1. What nm distance separates the two modelled labels at residue 61 and residue 204, each placed 7 Å from Cα along Cα→Cβ?
2. Is region 145-225 rounded, prolate or oblate when judged by the Cα gyration tensor, a ≥ b ≥ c being the square roots of its eigenvalues, rounded requiring a/c under 1.5 and prolate requiring a/b larger than b/c?
3. What does the charge dipole of the chain about its Cα centre add up to, to the nearest 20 debye, if the Cβ of each Lys and Arg holds +1 and the Cβ of each Asp and Glu holds -1?
4. Counting Lys +1, Arg +1, Asp -1, Glu -1, what net charge surrounds residue 67 among other residues with beta carbon under 15 Å of its beta carbon?
5. What whole-number value in Å² describes the accessible area per residue of region 5-230 for a 1.4 Å probe?
6. Between region 305-360 and region 396-422, how many Å separate their Cα centres?
7. Tell me whether region 229-282 comes out rounded, prolate or oblate; compute the Cα gyration tensor, take square roots of the eigenvalues as a ≥ b ≥ c, and use a/c under 1.5 as the rounded threshold.
8. Summing +1 for each Lys or Arg and -1 for each Asp or Glu, what net charge is found among the other residues whose Cβ lies under 9 Å from the Cβ of residue 132?
Amino acid sequence: MTGRSSYLIVANRLPVDRTIEPDGTAAWRRSPGGLVTAIAPVMQRRHGAWAGWHGAADEVLEPFEQGGMNLIPVPLSAREVELYYEGFSNATLWPLYHDVVAPPVFDRKMWDSYREVNQRFAEAAAEAADEGAVVWVQDYQLQLVPAMLRKLRPDLRIGFFLHIPFPPTELFWRLPWRRELVEGLLGADLVGFQLPGGASNFRRLCRRLLGLPYKGNEIFLDDRIVTTQAFPISVDFAQLDSLVRDPNIVARAKEIRMELGDPEHVLLGVDRLDYTKGIGQRLEGFGELLNDGRLRPGEAVFVQIATPSRERVDEYRRLRDDIELQVGRINGEHAQLGYQPVWYFHQSYDHEELAALYLAADVMVVTPLRDGMNLVAKEYVSCHHDLHGALVLSEFAGAADELRQAYLVNPYDVEDVKRQMLAAMRATPHELARRMRTMRRRVATYDVDRWASEFLTALESPASEPSTRHSA
Ligand code: GDG
């Protein structure tokens with residue numbers, strides 16, 4: 001590695017994936033995904049560094065350079081992957097922060113591992129950061145890092161962004177290690193959330209749990225101020241908008257519709273196979289529309305891409321079985337020769353194919369039971385310069401705060417899901433264009449570049465003086 005960095009990202013994963021070249025040698029390729037696309041150029045411009053796990057358990061790697069960034073691999077043992085990552089991060093925090101839609105596991109061994117791994121990330125960051133550097137810690141896997149890092153390096157400017165919702169006090173209160181987690185986050189100068197509601201949940205929790213006063217966005221500690229603020233994450237609008245104008249993508253979108261039997265309506269869902277995403281709820285709605293006869297046989301198909309995710313966590317195994325049973329039932333009852341109502345894919349696709357699918361779909365169905373933001377909704381909107389296409393969107397996705405012209409639904413209300421899916425299918429082109437135009441304006445203005453630069457600007461500007469301390 002070439003010296004210390006004045007800008008550093010700390011995230012569970014490095015922004016690269018290892019690939020095996022045809023000659024058998026290993027190489028690193030930038031990972032797909034919004035976060036990497038957003039932050040990588042900023043970091044490259046500033047010659048920044050990125051600390052994170054490289055994806056292989058029990059392997060220790062030296063720092064290396066890739067695409068103008070210093071990459072600092074943080075090792076994890078197989079047992080830590082099980083306890084810290086699959087365990088405390090994804091079987092405890094993930095369900096707890098998503099309205100307890102699955103029961104969280106509270107296990108002391110998992111917590112111990114979470115603490116140990118967070119300490120390792122903090123030490124790696126402390127070693128890599130230059131004097132007075134700006135360090136941006138990402139997401140729920142690393143909530144203890146801000147305080148651990150501040151202890152090691154009080155000279156740093158530390159930011160934290162939570163990509164998932166921050167729950168109401170009543171839910172967070174269940175966590176046996178609630179105090180440690182909140183104190184961990186308060187090590188940051190700036191704690192960012194997707195929505196203002198998450199930020200205010202956090203401030204209220206700090207007052208109730210630690211007796212800390214706050215005013216506006218600022219929480220007052222004895223010797224410093226922590227700023228809390230919403231920064232809704234977004235997508236690379238310009239890149240998607242130009243990708244779907246590529247003749248190859250346009251042709252592929254047409255081909256997809258033909259391969260589906262050229263139905264009147266193509267409905268699409270794209271999600272990691274996760275119980276927070278409400279995949280079962282939307283399929284139930286679609287199945288009932290067929291049962292009720294409100295959809296004619298052959299009139300509509302539902303394409304569900306369910307990207308494999310967290311396959312070693314029990315709850316995810318059960319979910320997969322449930323969804324596959326449900327798809328089988330709907331197809332069993334309603335398929336005809338030459339017509340299959342639900343096309344289900346437990347696979348992942350490259351981003352060109354995904355863009356073609358977005359372009360091919362008349363109705364994008366996004367029905368999470370709780371979601372920090374949901375980038376899929378914003379990606380769909382970015383792909384429809386034709387102003388065709390409708391978005392059915394859960395009120396429980398962060399994106400619903402911005403995309404008010406979507407067909408908003410309560411995913412717990414199957415009649416509502418059915419009604420809005422039908423309304424989206426029956427809407428006139430004029431109505432669709434009116435809604436889509438407004439949504440596109442929003443995503444084009446608040447794109448992912450703006451998200452990253454607003455966060456960094458806020459992090460670099462000092463909070464008000466502690467002398468303005470005030471009880472609220
Ligand atoms: C968390 C929060 C928040 C999906 N399948 C494929 C594929 N994807 C891409 C999508 C999208 C991303 O994955 C999923 O992002 P979401 O935002 O929808 O959901 P989470 O993974 O749960 O993300 C969420 C986000 O963090 C950012 O802060 O919005 O609320 O839960 O970009 O396009 N991409 C490719 N092939 C696939 O098969 N290439």
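1. 4.3 nm
2. rounded
3. Dipole about the Cα centre, nearest 20: 1220 debye.
4. Combined, the nearby Lys, Arg, Asp and Glu give +3.
5. 38 Å²
6. When both Cα centres are located, 21 Å separates them.
7. oblate
8. Spelling it out: positives minus negatives among the neighbours equals -2.
The values are calculated or read from the model by the stated rules, or taken from the named source; none is laboratory data. Please read all numbers here as calculations on a predicted model, not as lab measurements. Note: ideal-geometry Cβ built from the backbone for every residue, glycine included; neighbour counts use all protein chains shown. Just so you know, the surface numbers come from the protein's heavy atoms only, side chains and all, with ligands and any DNA or RNA stripped out. Shrake-Rupley method; radii C 1.70, N 1.55, O 1.52, S 1.80 Å.
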